[in-house]
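Read the structure below first, then the notes.
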């Protein structure tokens, strides 16, 4: 017990750690718990991640189960704290798992709050905490050099793959060609004819036949391909893959044209939903791949075409109430941030617009779109949406009699 009160910076450096890595090691139990809530194995990942504020992903981020591979991310950043003449670096971490079946959990670790708590305890008791083992800076430098070299090699391989995608797509068969059809769209979704209006193609690789379309930014630049395999490969947890190494955030495929004369655009998650909306409305649709990406695609469209009314077509994910309604929640967040409207389908069987079309018919879909105002809400209502578990599940879980 000491009679002289240490300054905050001295307290941290002497008793917890002078660097972000020492501090992360001190709070390793707390960090591991947050990572575990996102199905991320912190112990096997922490030595492989880069602390540059950029997204760390597989193979440097390891999951608890094989189903997490490619769906988990860590953002790690070293921040500087300065007070008078003292300073130290501390860690900030963000964990994200994009698996729908886990409701896409995300957690954040901000060391500064915990350091303040430790310091307040010390001021009250004058008892200093026991410091954990410090990180060997030489061993750390070697490990980080290995991580950076591996990251550069991986990025080079990914760039090589990405550079070939446009050429590969050109060699695929357009669905508009006579005799060419997508089993996925022809039989599973019943949307082959409307798909033939757009540049959607049929391809084949070692995993089997797939339906492919281009992902672009709002300026129209080719960025990636989305492949939907007609039969899910045995080792995969779904049948969809984006070009290796490409972050699809903010990317989209636009079915139709949007320009300065466009009045309305629909924004939806998947290709089948987008084609169904084209069939029902004849208006342009932006397909953004997943619920999480809807807010970013909406923002991109708003920035370039602020005059266009945006209707966010939600997947009505009310089949798993213990996870909340992911689709409606994501659409509401997009409207809360960017403005516009949300449309929520009421479906007897399934969760999205395409399911409604196939189970209840095109006329019923048109009726809901054009003559059911209660299925729309805008920013005034989305202000009340604060999480996955909210009133929206109850409001849109009823079926049409």
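Derivation of every value follows stated rules applied to the coordinates shown; laboratory data play no part. Note that the structure is a prediction, hence the values are computed from the model and not measured. Cβ sites come from the backbone with ideal geometry, for glycine too, and all protein chains shown count toward neighbours.
Data overview
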{"quantity": "Shape of region 179-305, Cα gyration tensor, a/c cut at 1.5", "calculated": "oblate"}
{"quantity": "Whole-number percent relative contact order across region 38-142, with pairs defined as alpha carbons under 8 Å at least 6 apart", "calculated": "19 percent"}
{"quantity": "Residues in region 337-368 that a label on residue 264 would reach, taking backbone N under 15 Å of a point 7 Å out along Cα→Cβ", "calculated": "340-345, 365-368"}
{"quantity": "The chain: Rg to Rh, with Rh as the Kirkwood radius over Cα pairs", "calculated": "1.04"}
{"quantity": "Full-extension gain in nm, residue 161 to residue 55, via 0.36 nm per residue minus C-alpha separation", "calculated": "36.2 nm"}
{"quantity": "Highest-fluctuation residue, 366, 337, 152 considered, GNM on the chain with Cα pairs under 10 Å", "calculated": "152"}
{"quantity": "Computed over region 67-124: relative contact order in percent, which uses C-alpha pairs under 8 Å that are six or more apart", "calculated": "27 percent"}
{"quantity": "Net length gained if the chain between residue 168 and residue 236 were fully extended (0.36 nm per residue, minus Cα distance)", "calculated": "22.2 nm"}
{"quantity": "The chain, relative contact order [Cα under 8 Å, separation at least 6], %", "calculated": "10 percent"}
{"quantity": "Footprinting exposure proxy for 138, 218, 146 (fewest neighbouring C-beta atoms within 10 Å first)", "calculated": "138, 146, 218"}
{"quantity": "On Cα atoms only, tilt of 326-338 relative to the major axis of the chain in degrees", "calculated": "80 degrees"}
{"quantity": "Extended-chain gain in nm, criterion 0.36 nm per residue less alpha-carbon gap, residue 15 and residue 299", "calculated": "97.7 nm"}
{"quantity": "Nearest-ten-degree value, helix 137-171 long axis tilted from longest Cα axis of the chain", "calculated": "10 degrees"}
{"quantity": "FRET E, pair residue 145, residue 112, Förster distance 25 Å, beta-carbon r, rounded to 0.05", "calculated": "0.35"}
{"quantity": "Prolate/oblate/rounded label for region 177-395 (Cα gyration tensor, a/c 1.5)", "calculated": "rounded"}
{"quantity": "Neighbour-count order for 326, 351, fewest beta carbons within 10 angstrom listed first", "calculated": "351, 326"}
{"quantity": "Distance-filtered residues of region 1-31 - backbone nitrogen under 17 Å, label point 7 angstrom along residue 77 Cα→Cβ", "calculated": "20-21, 24"}
{"quantity": "Centroid-to-centroid separation of region 167-222 and region 81-98 [C-alpha atoms, Å]", "calculated": "46 Å"}
{"quantity": "Rounded to 10°, Cα long-axis angle of helix 362-371 versus longest principal axis of the chain", "calculated": "70 degrees"}
